[in-house]
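Below: the structure, in structure tokens.
Computed from the coordinates by the stated procedures, all read-outs in this text should not be read as laboratory data. As the structure is a prediction and not an experimental result, all values here were calculated from the model. Counting neighbours? That spans all protein chains shown, and the Cβs are built from the backbone with ideal geometry, glycine included.
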Amino acid sequence: MKTSKIPGLGRFGLFIDDLHYKDITPELWNEIATLYLDNLVVIIRDCDFTLAQFEELTLRWGDGTSTFLVNITKKYGFTDVFQFADNMAKLDLTDEEKQWFRAVDKVKATDIDPEKAAAVRVTSRRDENGDFTGMFPDGELLWHANESGNFLFAPSVVFYGYEDIVGSSTGFLTTTDWYEEQTESFRSELDDMILVHSFTKNRFTPELSEDEQQVIIKNNMCPERCELPMVMQSPGGIKGLHYTITSTVSGIKGATDSEFKKITDSINETLFVDKYIYDHWYTSRDLCFFDNTISLHRRQGDLSKGRLGYRIQHNLRYIQRVDSLYLKEPWKSQYIKEVNEMNNILGFNDARFPAFNSY
Ligand SMILES: [Fe+2]
């Protein structure tokens with residue numbers, strides 16, 4: 001295995017080359033976990049993992065997560081998601097909830113295991129009826145973090161650029177170096193800043209035409225108005241900004257619209273610059289692990305060849321160094337309490353989710 005610094009991304013980002021599945025021991029996979037916690041973005045280039053191996057290795061670090069599944073399990077009074085799935089046919093689900101399950105069942109990576117999956121397909125490929133078979137079938141995706149307007153958002157994402165991926169990119173932005181370069185007084189303002197998140201259709205998916213996809217995206221990203229601190233820490237304990245300004249951030253608590261615009265315009269001018277960004281244009285079957293707490297990601301390029309990737313949103317509960325992503329009370333303790341509850345609802349049975357085909 002060889003490692004080298006990814007250009008951009010401040011002091012973060014690591015390429016891994018010449019890694020083969022046959023060489024992966026538990027010790028080596030732990031070593032890569034440490035590299036990931038320290039580097040926020042790790043890209044294993046020319047990866048030879050099968051899809052099942054990719055899922056299994058990812059889930060050694062933590063469970064697949066979904067805020068929607070936690071919320072709906074609780075709403076209907078069940079203690080875990082499998083109980084919910086077994087009973088869902090008897091429930092009076094709302095039309096939007098049914099639509100979410102129908103859409104998610106189409107994108108779930110049952111090509112890895114027909115019974116249960118942690119991964120979803122991300123692809124422009126369509127089935128014989130012209131229906132989508134993956135998340136985000138169309139167009140560019142602007143800077144965002146998955147589930148960003150949720151208190152219990154997934155702290156990590158892995159994307160396996162699997163087939164017909166050349167000509168497209170996944171881009172990353174890290175915020176820590178920018179944060180550390182600010183004056184002490186502005187940093188302390190940022191530390192106290194609370195961002196208001198809300199969902200607006202097509203805001204970060206400008207070219208996405210499918211209505212069903214909008215239902216998944218809204219319920220995953222930010223189902224209702226939500227307030228979260230601007231500054232938090234990654235599972236590895238690195239402090240930075242949870243700043244999804246082109247996807248769900250719509251205000252600063254206590255600031256007028258014009259103050260919000262003035263502050264965010266000035267942040268954007270110095271944050272969205274080359275030294276903190278790296279766009280990974282795929283040249284081979286590459287596996288990208290990326291932080292979803294204090295980092296943003298985006299997609300550019302051509303999907304017309306039938307680009308196919310697999311994505312898992314997950315936590316890092318078996319390797320993380322901190323108890324809470326939130327640094328200040330009451331967020332910090334509340335997170336520890338709620339994430340435990342979340343782990344009880346989702347985190348067992350390999351942390352892969354069942355098929356929801358009984359609505
Ligand atoms: Fe994403």
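Details
- For the residue pairs LYS74/LYS332; LYS218/LYS275; LYS239/LYS275, the C-alpha atoms sit more than 28 angstrom apart in LYS218/LYS275.
- Shape of the stretch 163-207, Cα gyration tensor, a/c cut at 1.5: oblate
- Residues in the stretch 7-23 carry Karplus couplings, in order, of x, x, 6, x, 8, 9, x, 9, 8, 10, 10, 6, 10, 10, 4, 4, 8 Hz; the curve used is 6.51 cos²θ - 1.76 cosθ + 1.60 with θ = phi - 60°, and Gly or Pro positions show x.
- Of all DSSP beta bridges confined to the chain, the antiparallel ones make up roughly 95%.
- The chain: DSSP helices with Cα axial extent of at least 24 Å and average Kyte-Doolittle hydropathy no lower than -1.0: none
- Between the stretch 170-249 and the stretch 1-29, the C-alpha centres lie 27 angstrom from each other.
- Compactness ratio for the stretch 2-353: Cα radius of gyration over 2.2 N^0.38 Å (N = residue count) comes to 0.95.
- Projecting the Cα atoms of MET193, GLY64, THR248 onto the charge dipole of the stretch 2-353, computed from C-beta unit charges around the Cα centre, puts MET193 farthest toward the positive end.
- Taking all pairs of distinct alpha-carbon atoms in the stretch 22-170, Kirkwood radius in angstrom: 17.8
- Estimated FRET transfer efficiency when R0 is 25 angstrom, pair ASP177-ASP302 (beta carbons, to 0.05): 0.20
- Once each of the GluC sites (Glu not before Pro) sitting in a DSSP loop with at most 13 other beta-carbon atoms within 10 Å is removed, the chain keeps 225-359 as its longest stretch.
- Mean-square fluctuations from a GNM of the chain, with a 10 angstrom spring cutoff on Cα atoms, peak among SER250, SER185, SER324 at SER185.
- Cα centre as origin, Lys/Arg/Asp/Glu Cβ charges: the chain dipole, Debye: 240
- CD proxy at 222 nm, helix term only [per DSSP H run n ≥ 4: -39500 (n - 2.57); per residue of the chain; nearest 500]: -9000 deg cm²/dmol
- Gap separating the Cα centres of the stretch 288-338 and the stretch 74-144, nearest whole Å: 19
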